[in-house]
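Okay, so here's the structure we're looking at.
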Amino acid sequence: MAFCANCGAQVDGRFCQKCGAPVGAAAPGSMPPPPVPPPLAPGAAATVGMNENMASALCYLIGFITGILFLVLAPYNQDRNIRFHAFQSIFLNIAWVALWIVVTILLIPFRYIPFLGLFVSIVLQFSLGLGGIIVWLYMMFKTYNGEKIVLPVIGPMADKQAGV
């Protein structure tokens, strides 16, 4: 049994006996359904993803986490340049954390010197943190602009790992 979309009364034919609205027509004041977008052309799905510069720069965004993520994601792990930046990001963050731990351990005795030792400790750790942030931003900026920056010690290791 059909019901009128306009007034809700039962309808036995093509028109409502109560209000006269045709059955199956949209209710007055309702919006028509949105148009259906055309299907993508074959091969267009490959162009929907990020470009190489953006993916390479994002390898540095959250350190080794995004480096590992781009090494695992299928369309990006086959590009040698993105793999290089992913490995370099992983190695850079591991080296930075290791350096931070070593400096913190070496500065423990300085904290027992009343004023000068604590000051030196705070300045060195602040300088190390600021230097890490500057290198991180520099690597993301240069990589996004399409330049390949190879860091002195970890760059050749990353290049060796990214090789086919």
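The values are calculated or read from the model by the stated rules, or taken from the named source; none is laboratory data. This is a predicted model, so every value here is computed, not measured. Virtual Cβ from ideal backbone geometry, glycine too; neighbours counted across all protein chains shown.
Below, the figures for the structure above:
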read-out	value
Test for Val102: is it part of a helix (DSSP H, G or I) and either of a type in the set (Ser, Thr, Tyr) or more than 28 Å from Leu58 (Cβ to Cβ) (or both)	yes
Residue satisfying condition, being loosely packed, with under 10 Cβ neighbours inside 10 Å, modelled with pLDDT of 90 or more and not hydroxyl-bearing (Ser, Thr, Tyr), within set Ile65, Ile105	Ile105
Set Gly146, Gly131, Gly155: member being loosely packed, with under 13 Cβ neighbours inside 10 Å, under 27 Å from Arg83 (Cα atoms), among the small types (Gly, Ala, Ser) and in contact (Cβ under 8 Å) with a residue 40 or more places away in the chain	Gly146
Unique match (being in a helix (DSSP H, G or I) and surrounded by 12 or more Cβ atoms within 10 Å (Cβ to Cβ)) among Phe141, Phe126	Phe141
Qualifying residues in the range 112-123 (those that are hydrophobic (A, V, I, L, M, F, W, C) and not in a helix (DSSP H, G or I)) - the one surrounded by the fewest Cβ atoms within 10 Å (Cβ to Cβ)	Phe115
Pair list, Cβ under 9 Å, 6 or more apart: the range 74-92 residue over 13 Å from Thr143 (Cα atoms) and modelled with pLDDT under 95, other residue buried (at least 24 other Cβ atoms within 10 Å of the Cβ) and aliphatic (A, V, I, L, M)	Tyr76/Ile82; Tyr76/Ala86; Asn77/Ala86
Conditions (1) more than 17 Å from Met50 (Cβ to Cβ); (2) within 22 Å of the chain's Cα centre (by Cα); number of the one not met by Ala74	(1)
